[in-house]
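**Student:** Submitted below is the structure of interest, expressed as structure tokens.
The values are calculated or read from the model by the stated rules, or taken from the named source; none is laboratory data. Remember, it's a predicted structure, so these values are computed and weren't measured experimentally. FYI the Cβ positions are ideal-geometry reconstructions off the backbone, even for glycines, and counts take in every protein chain you see.
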Amino acid sequence: MTLQLFVQLLINGLMIGGIYALVASGFTLILGVLQVFNFAQGHFYMLGAFIAYAVATVMGAPYIVAIIASLAGMAVLGILTYFSIIKWTLRSGFFHTMLVTVAFGTIIGQLAVLKFGYSTAVVAPLIESTLQFGGISLNPGKLIVMAGAIVVMVALWWFLKTKIGVAMMACAENREVACLQGINAEKVFWVTMAVGCGLCGIAGALVAPVLSASTNMGSQVFLKAMIVVMVGGTGSMSGALLAAFVVGIVESFAFQYVESFAPLVIFALVALLLYFRPGGLLGKPLPIPGQ
């Protein structure tokens, strides 16, 4: 392996790991606070990419506007999803809510196919040229994705230190005790949905200039996000961040050498890890909510 190839694979792994980190963090946040297994999480990521395409390519707005539009659009959709669907199924239990999110995600996916088809919506790269560093060629778009993901994760860390963020963490730790302390659980729930879905919107907007937008991208990233959550530890935000970059780097190197067998390498890694640490890297085994 040459140094150039190693750096290229590492950059690819860190880029896709940053995307996995955003989607998995949003999923982990919703699961921890609302105790909802949101199967539609990947579809918010897909819609975020298409919003970025519409704003940046169709409307010709600056890409920062497209990112903000994706964040705002998916945050609003997350709030609407909570008040129209999740709020009314929470009382029915974990599995009922999970099945509702499966149905909701299926509807979104089919509507996206009817609207956009199976073709790829190409978004122009933010920087056309290639960066040269010591004989190594770097794709600036991938570096932007990495930097954007890091900035968003730092912003999320800061947000969780605020009053509403602390309330979210309190509800995730023990919902009943948090309510007894005067925390408005419903406010915490819809804010959590907004943040969790907004993270997916940002991830979709960041990756659109590099990987473009397609209707099947949501299901692909959701599967990897589930792997990240299992590796990092269910309910652990720090574990999800660590696992996202580990999975991304392993996937990048595995695809280079075994190509179509790369998923098998990842699943083997997950199986081996869960055998020795059932709770993941930084988490603990999560009982089914309500039991």
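**Student:** Would you mind finding the one in THR81, THR89 that is polar (S, T, N, Q) and modelled with pLDDT of 90 or more?
**Tutor:** Criteria check complete, one pass: THR81.
**Student:** Taking the stated definitions as given, is ALA112 under 27 Å from TYR63 (Cβ atoms) and of a type in the set (A, V, I, L, M)?
**Tutor:** yes
**Student:** Restricting to segment 88-128, what's the tally of residues that are of a type in the set (Ser, Thr, Tyr), surrounded by fewer than 14 Cβ atoms within 10 Å (Cβ to Cβ) and assigned to a helix (DSSP H, G or I)?
**Tutor:** Within segment 88-128, residues that are of a type in the set (Ser, Thr, Tyr), surrounded by fewer than 14 Cβ atoms within 10 Å (Cβ to Cβ) and assigned to a helix (DSSP H, G or I) number 2.
**Student:** Out of the residues in segment 74-85 meeting the condition of being among the small types (Gly, Ala, Ser) and either in contact (Cβ under 8 Å) with a residue 40 or more places away in the chain or farther than 18 Å from ALA194 by Cβ (or both), tell me which one is surrounded by the most Cβ atoms within 10 Å (Cβ to Cβ).
**Tutor:** The extreme case among them is GLY78.
**Student:** Taking the stated definitions as given, is GLY248 buried (at least 21 other Cβ atoms within 10 Å of the Cβ), closer than 24 Å to TYR275 by Cα and modelled with pLDDT under 85?
**Tutor:** No: the conditions fail for GLY248.
**Student:** Which number in (1) surrounded by 20 or more Cβ atoms within 10 Å (Cβ to Cβ); (2) assigned to a helix (DSSP H, G or I); (3) of a type in the set (A, V, I, L, M) marks the one condition that LEU5 misses?
**Tutor:** (1)
**Student:** For segment 136-174, name all the residues that are within 19 Å of ALA124 (Cα to Cα) and part of a helix (DSSP H, G or I).
**Tutor:** Residues satisfying the conditions are PRO140, GLY141, LYS142, LEU143, ILE144, VAL145, MET146, ALA147, GLY148.
**Student:** Do we have any residue at all in segment 153-163 that's under 24 Å from TYR53 (Cα atoms), over 19 Å from the mean Cα position of the chain (by Cα), among the β-branched types (Val, Ile, Thr) and loosely packed, with under 13 Cβ neighbours inside 10 Å?
**Tutor:** No: zero hits.
**Student:** Select from segment 86-106 the residues that are touching a residue at least 12 places away in the same chain (Cβ under 8 Å), touching a Ser or Thr at 6+ places or on another chain (Cβ under 8 Å) and of a type outside the set (Ser, Thr, Tyr) and write down the one among them that is nearest to ALA40 (Cα to Cα).
**Tutor:** Checked segment 86-106; the qualifying residue nearest to ALA40 (Cα to Cα) is PHE104.
**Student:** Residues in segment 71-91: is at least one more than 20 Å from ALA205 (Cα to Cα), hydroxyl-bearing (Ser, Thr, Tyr) and within 20 Å of the chain's Cα centre (by Cα)?
**Tutor:** Checked against the condition, which is being more than 20 Å from ALA205 (Cα to Cα), hydroxyl-bearing (Ser, Thr, Tyr) and within 20 Å of the chain's Cα centre (by Cα), segment 71-91 yields at least one hit.
**Student:** While we're looking at this one, here's another question. Of everything in segment 122-163, what is more than 15 Å from ILE16 (Cβ to Cβ), touching a residue at least 60 places away in the same chain (Cβ under 8 Å) and among the small types (Gly, Ala, Ser)? Give them in sequence order.
**Tutor:** ALA124, GLY135, SER137
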